Amino acid sequence: MRPTTNNLLSFIGKIAVVTGAGAGIGRAIALRLAGAGATVAVLDKDEQQARQTLEAITQAGGTGCSWSADVGNGPAVTNIFQEIAVTFGRVDILVNNAGIYPVAPIDELSDELLDKVFAVNLRGALYCLREAGRQMQGGGVIINISSIDSLRPSAPGLGAYGASKAALNALTRSAAVEYGPRGIRVNAILPGVIVTEGTSIMPDEARQFYASRTPLGRNGVPDDIAGAVLLLASPLACFVTGQTLIVDGGFTING
Ligand code: NAP
């Protein structure tokens, strides 16, 4: 039978790992993947938040497990991926979503903060990608959640953040080249302003400014990014790798 679009967007039988899945964009991604049939390993720094996402998945009829760790801690990431291998046997999809975006002007940027931003946003993604890559012996999909700030600053004070995400884009392309021959596709999604727990501290004026500059007339919601993840993770995108997909309602093309 010729596959229909519907079953191309089915993830039944797939094992997906989503980092930073206890809140915001990661939570929406985990719920969407589970809703499409994937078994989801929910990873978050906060144990309770990870468990809450898992509960939401199981209440909706999905399956998964939850783990808590800081993705910037290499040995902890290795342990969790070993546990995932024991529990599920393999990884098919990794979504590197965990990230932090502290605001600090370059003049006030401490070495500690710089290290922390790179530890989570770049090294954390690399640790997970490396562990998942080792388990993806029959092919797989890796999606790194980057940012439009990797291309141009959306506000002052995001220098370390933008640099870490630009490095993540570079890692995405290198991993796509190295993993392509093994049937592993690696892409990045670059969200614009998305309303989440993390961006809740953004002043209303800033929120309104971004919405007013967005051709689609609003800021994003986590599910906007989750939808793009499903598309890139699906066989509909089977010839797409090493790409950076902007998902921002058109904000970056608007001057
Ligand atoms: P969020 O609301 O702050 O949620 C992030 C989740 O990741 C939280 O549950 C957080 O746990 C967890 N996390 C943070 N550091 C972690 C670590 N070291 N190890 C494991 N988990 C960790 O963030 P978000 O707005 O959804 O953003 C998610 C991703 O999208 C980030 O990579 C961000 O850079 C990217 N992004 C977001 C936007 C936006 O406008 N929201 C725009 C562009 C890109 P805690 O709550 O315990 O910290």
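Could you please find all residues in the range 63-77 being part of a helix (DSSP H, G or I) and under 25 Å from residue 11 (Cα atoms)?
Let us first name the residues in the range 63-77 that are part of a helix (DSSP H, G or I), namely 74-77.
The answer is 77, and nothing else.
Collect the residues in the range 2-52 that are away from the ligand (no atom under 16 Å from the Cβ) and either at pLDDT below 95 or closer than 17 Å to residue 221 by Cβ (or both), keeping them in residue-number order.
2, 3, 4, 5, 6, 7, 8, 9, 35
Condition check: buried (at least 19 other Cβ atoms within 10 Å of the Cβ) and either in a helix (DSSP H, G or I) or at pLDDT 95 or above (or both). Does residue 113 satisfy that? Can you show your working first?
On the way: buried (at least 19 other Cβ atoms within 10 Å of the Cβ): no; either in a helix (DSSP H, G or I) or at pLDDT 95 or above (or both): yes.
Considered against the rule, which asks whether it is buried (at least 19 other Cβ atoms within 10 Å of the Cβ) and either in a helix (DSSP H, G or I) or at pLDDT 95 or above (or both), residue 113 comes out as no.
From the list 145, 253, exactly one residue is among the hydrophobic types (A, V, I, L, M, F, W, C) and within 28 Å of residue 130 (Cα to Cα). Which is it? Spell out how you get there, then give the answer.
On the way: 253 fails: within 28 Å of residue 130 (Cα to Cα).
So the residue among 145, 253 that is among the hydrophobic types (A, V, I, L, M, F, W, C) and within 28 Å of residue 130 (Cα to Cα) is 145.
Residue 89: away from the ligand (no atom under 15 Å from the Cβ) and within 19 Å of the chain's Cα centre (by Cα), yes or no? Step through it out loud before you land on a result.
On the way: away from the ligand (no atom under 15 Å from the Cβ): yes; within 19 Å of the chain's Cα centre (by Cα): no.
Considered against the rule, which asks whether it is away from the ligand (no atom under 15 Å from the Cβ) and within 19 Å of the chain's Cα centre (by Cα), residue 89 comes out as no.
Any residue in the range 233-244 that is farther than 22 Å from residue 37 by Cα sitting within a Cβ distance under 8 Å of a residue that is modelled with pLDDT of 95 or more and surrounded by fewer than 14 Cβ atoms within 10 Å (Cβ to Cβ)? List the pairs, counting only those 6 or more apart or interchain.
241/180; 242/177; 242/180
Out of 154, 212, 174, report the one residue that is at pLDDT below 95 and either surrounded by 17 or more Cβ atoms within 10 Å (Cβ to Cβ) or more than 11 Å from the ligand (Cβ to nearest atom) (or both).
Values: 212 fails: at pLDDT below 95; 174 fails: at pLDDT below 95.
None of the other options fit; the residue is 154.
Exactly one condition in (1) part of a loop (DSSP other than H, G, I, E, B); (2) of a type in the set (A, V, I, L, M, F, W, C); (3) touching a Pro at 6+ places or on another chain (Cβ under 6 Å) is not met by residue 155; state its number.
Just one mismatch for residue 155, condition (3).
Answer yes if at least one residue in the range 195-215 is in a helix (DSSP H, G or I), within 26 Å of residue 111 (Cα to Cα) and in contact (Cβ under 8 Å) with a residue 60 or more places away in the chain, and no otherwise. First the steps, then the outcome.
Here is the first cut: in the range 195-215, the ones in a helix (DSSP H, G or I) are 204-212.
Filter again for within 26 Å of residue 111 (Cα to Cα), leaving none.
No - not one qualifying residue is present in the range 195-215.
What do you reckon, is residue 149 under 16 Å from the mean Cα position of the chain (by Cα) and on the phi < 0 side of the Ramachandran plot? It would help to see each step written out before you state the result.
Values: under 16 Å from the mean Cα position of the chain (by Cα): yes; on the phi < 0 side of the Ramachandran plot: yes.
Considered against the rule, which asks whether it is under 16 Å from the mean Cα position of the chain (by Cα) and on the phi < 0 side of the Ramachandran plot, residue 149 comes out as yes.
Tally the residues that are surrounded by fewer than 24 Cβ atoms within 10 Å (Cβ to Cβ) and within 12 Å of the chain's Cα centre (by Cα), restricting the search to the range 24-41.
Residues in the range 24-41 being surrounded by fewer than 24 Cβ atoms within 10 Å (Cβ to Cβ) and within 12 Å of the chain's Cα centre (by Cα): 1 in total.
What do you reckon, is residue 148 buried (at least 20 other Cβ atoms within 10 Å of the Cβ) and either modelled with pLDDT under 95 or more than 12 Å from the ligand (Cβ to nearest atom) (or both)? Even if it seems obvious, please write down each step before you answer.
On the way: buried (at least 20 other Cβ atoms within 10 Å of the Cβ): yes; either modelled with pLDDT under 95 or more than 12 Å from the ligand (Cβ to nearest atom) (or both): no.
Spelling it out, it is not the case that residue 148 is buried (at least 20 other Cβ atoms within 10 Å of the Cβ) and either modelled with pLDDT under 95 or more than 12 Å from the ligand (Cβ to nearest atom) (or both).
Closer than 27 Å to residue 16 by Cα and either of a type in the set (A, V, I, L, M, F, W, C) or touching a residue at least 12 places away in the same chain (Cβ under 8 Å) (or both): is that true of residue 84 in this structure? Steps first, please.
Numbers: closer than 27 Å to residue 16 by Cα: yes; either of a type in the set (A, V, I, L, M, F, W, C) or touching a residue at least 12 places away in the same chain (Cβ under 8 Å) (or both): yes.
Spelling it out, residue 84 is indeed closer than 27 Å to residue 16 by Cα and either of a type in the set (A, V, I, L, M, F, W, C) or touching a residue at least 12 places away in the same chain (Cβ under 8 Å) (or both).
Pick out the one residue from 76, 69 that is within 15 Å of the ligand (Cβ to nearest atom) and closer than 30 Å to residue 154 by Cβ. Let's see the steps before the verdict.
Working: 76 fails: closer than 30 Å to residue 154 by Cβ.
When all the criteria are applied, what remains is 69.
Please state which one of 180, 138 is modelled with pLDDT under 95 and more than 16 Å from the ligand (Cβ to nearest atom). Lay out the reasoning, then the answer.
Numbers: 180 fails: modelled with pLDDT under 95.
That would be 138, the only listed residue that is modelled with pLDDT under 95 and more than 16 Å from the ligand (Cβ to nearest atom).
Please list, ordered by first then second residue, the pairs with beta carbon atoms under 6 Å, 6 or more apart or interchain, first in the range 25-46 and over 20 Å from residue 12 (Cα atoms), second part of a helix (DSSP H, G or I) and not hydroxyl-bearing (Ser, Thr, Tyr).
Going by the 6 Å Cβ cut-off, the qualifying pairs are 25/222; 25/225; 44/50.
The values are calculated or read from the model by the stated rules, or taken from the named source; none is laboratory data. Everything quoted here is computed from the prediction, not taken from an experiment. When we count neighbours, we look across all protein chains shown, and the Cβ atoms used for this are built from the backbone with ideal geometry, even at glycine.
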